[in-house]
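Worksheet: one structure, shown below.
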Amino acid sequence: MMPLVAYVVIAVLSILVLALLVRKTRLDEPSEAAAEEEYALGLWDGQCLNLSERIFDSADYRWLRDELGFLHLARSLARSRKGLAIRWLKALRGAFEDMVCIPGEVSSGGNAGAHPRSWHLLWLTLRFHLALGYALLVVRLFGPCHRLIPPFDWRPFIPESSSREGRYGMVDLGDLD
Amino acid sequence: METYSITLWLFGLALLMTLILRAKSGGLFLHFPLFYSYITYTFSGSLITFLIYRLRPGSYPTSYWFYFLINLLAEFAVLAEVSDHVFEPYPAIRQFGRFLTICISTLFFILYILPSFLQFRPSSLALLDFSLRTSLTKMVIIVALGAAARYYRLPLGRNVAGLMMGFALYLGIYIVSLAAAQIFGKVLYAGIFRFMLPLGSILCLLAWTVAMWQFEVIPRTSWKLGEPGHETLEELSYRLSKLNTTLTRLVRK
């Protein structure tokens, strides 16, 4: 009898969830990331990218912690940077979704495979969502100053660029929380 | 019981005929070719099986199961139509609906449908189980399409929303009926089938008839890609690549 109850629950829940999902969507309905819009300003002229480099740069955190010894201030800075990084990533996602939802020409008869580049564009879209999801997860768990890809320092055959390390100064903030 | 079944059967045929006639007068065939191909197939199949039932009752079970099995596959046309209509206007995610449909179908086929073939049991039970699992897969696909449309805040319009809701009602009743038939066994499932399956089809057809009464143009932004003074497809592709590069650079930092 239990499988029948499970199938009834699945069927009813699916219908209810779908009814909620297909509710009328208003075109002027603000997206989740609309509030973060100012973070995405200047996305195409480099301003936004400079902002991201500042947010994810851990040099000042290291300076506070290692050179001045202000541990409390360093932690506070790391926390505020974490919030900024999440808002910046959400703003990036908002800008991306707005761009993805621009309509184009539609052939009559609904031939969805008409344009040869559509699969390439879909690949770019999915890749972006995967990378963004991963970046958000790492930033939420460890903060923006943490290395997003594990260093694999124990594997000697991977060369490490000293200039890159000097520029960004990777720090593990896992011990702070 | 006999009168009830025949009444529902004729009512279903009348609704299918109404859908086809409305599509012909309103030009809906051009906008929803896959859906109306499916409706035409269902109308022809129901009419032929009804005639066999009345004229040659001995051949009815064979013809019914033949029609039923083809119908299980033909129903994917409704999913393809929904996914095309939801995502086709947007070049960057034009193939997203088909991608979702293919991924979920493949995953469910390997993990959920295929194992049912490997169990030894009577063919009638195997057939019921196969139908149940296929219907559940379609339900998951339709909910996933709805969720994806909601995520991107894509306007669905009355036609597509009605198609989705009608199909979900039909699948929901089918899933419950097929599960009940498996549990209650051969003695009871003929009665359940005779009552519930036509009811599911009728509810679905009623929803579709209301939703597809006339074609509705979905309001979107006032401009499109490639129009004078606006972004082209190449520029969109470039910007998507640039955002990907930005993010990749950040992740690799």
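For region B:44-60, indicate whether the set of residues that are touching a Lys or Arg at 6+ places or on another chain (Cβ under 8 Å) and in a helix (DSSP H, G or I) is non-empty. Looking through region B:44-60, none of the residues is touching a Lys or Arg at 6+ places or on another chain (Cβ under 8 Å) and in a helix (DSSP H, G or I). B:LEU171 meets each of the listed conditions (1) closer than 28 Å to B:ALA23 by Cα; (2) more than 8 Å from chain A (Cβ to nearest Cβ); (3) at pLDDT 90 or above apart from (2). Taken as a whole, the condition of being outside any helix (DSSP H, G or I), without any contact (Cβ under 8 Å) to a residue 60 or more places away in the chain and in the same structural domain as B:TYR64 (by TED's automatic domain parsing) applies to B:ARG121. B:GLU88 passes every criterion in (1) at the interface with another protein chain (Cβ under 9 Å from one of its Cβ atoms); (2) in contact with a Leu (Cβ under 8 Å, 6 or more places away or on another chain) apart from (2). If the condition is being away from every other protein chain (no Cβ under 14 Å) and buried (at least 16 other Cβ atoms within 10 Å of the Cβ), then region B:91-106 contributes only B:SER105. Scanning region A:123-145 for residues being at the interface with chain B (Cβ under 10 Å from one of its Cβ atoms), surrounded by fewer than 21 Cβ atoms within 10 Å (Cβ to Cβ) and over 15 Å from A:ARG93 (Cα atoms) gives a total of 2. Within region B:62-79, can one find any residue that is surrounded by fewer than 12 Cβ atoms within 10 Å (Cβ to Cβ) and of a type outside the set (Asp, Glu)? There is at least one residue in region B:62-79 that is surrounded by fewer than 12 Cβ atoms within 10 Å (Cβ to Cβ) and of a type outside the set (Asp, Glu).
Hey, among B:LEU178, B:LEU145, B:LEU154, B:LEU128, which residue is within 15 Å of the chain's Cα centre (by Cα) and within 14 Å of chain A (Cβ to nearest Cβ)?
B:LEU145
Taking the numbered list (1) at pLDDT below 95; (2) in a helix (DSSP H, G or I) in turn, B:LEU154 passes all entries but (2).
Residues are listed down the side, and each one gets a yes or a no for (1) under 22 Å from B:ILE142 (Cα atoms); (2) free of Cβ contacts under 8 Å to residues at least 12 places away in the same chain; (3) touching a strand residue (DSSP E or B) at 6+ places or on another chain (Cβ under 9 Å):
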| site | (1), (2), (3) |
| --- | --- |
| B:HIS31 | yes, no, no |
| B:PHE35 | yes, no, no |
| B:PHE50 | no, no, no |
| B:ARG54 | no, yes, no |
| B:ALA80 | yes, no, no |
| B:PRO89 | yes, no, no |
| B:GLN95 | yes, yes, no |
| B:CYS103 | yes, yes, no |
| B:PHE109 | yes, no, no |
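Answer yes or no: is there a residue in region A:19-42 that is within 7 Å of chain B (Cβ to nearest Cβ), crowded, with 20+ Cβ neighbours inside 10 Å, out of contact with any strand residue (DSSP E or B) (no Cβ under 7 Å at 6 or more places or on another chain) and at pLDDT 80 or above. Yes, some residue in region A:19-42 is within 7 Å of chain B (Cβ to nearest Cβ), crowded, with 20+ Cβ neighbours inside 10 Å, out of contact with any strand residue (DSSP E or B) (no Cβ under 7 Å at 6 or more places or on another chain) and at pLDDT 80 or above. The one condition from (1) buried (at least 22 other Cβ atoms within 10 Å of the Cβ); (2) not in a helix (DSSP H, G or I) that B:ALA149 does not meet is (2).
The values are calculated or read from the model by the stated rules, or taken from the named source; none is laboratory data. Please read all numbers here as calculations on a predicted model, not as lab measurements. As a convention, Cβ positions derive from the backbone with ideal geometry for all residues, glycine included, and neighbour counts pool all protein chains shown.
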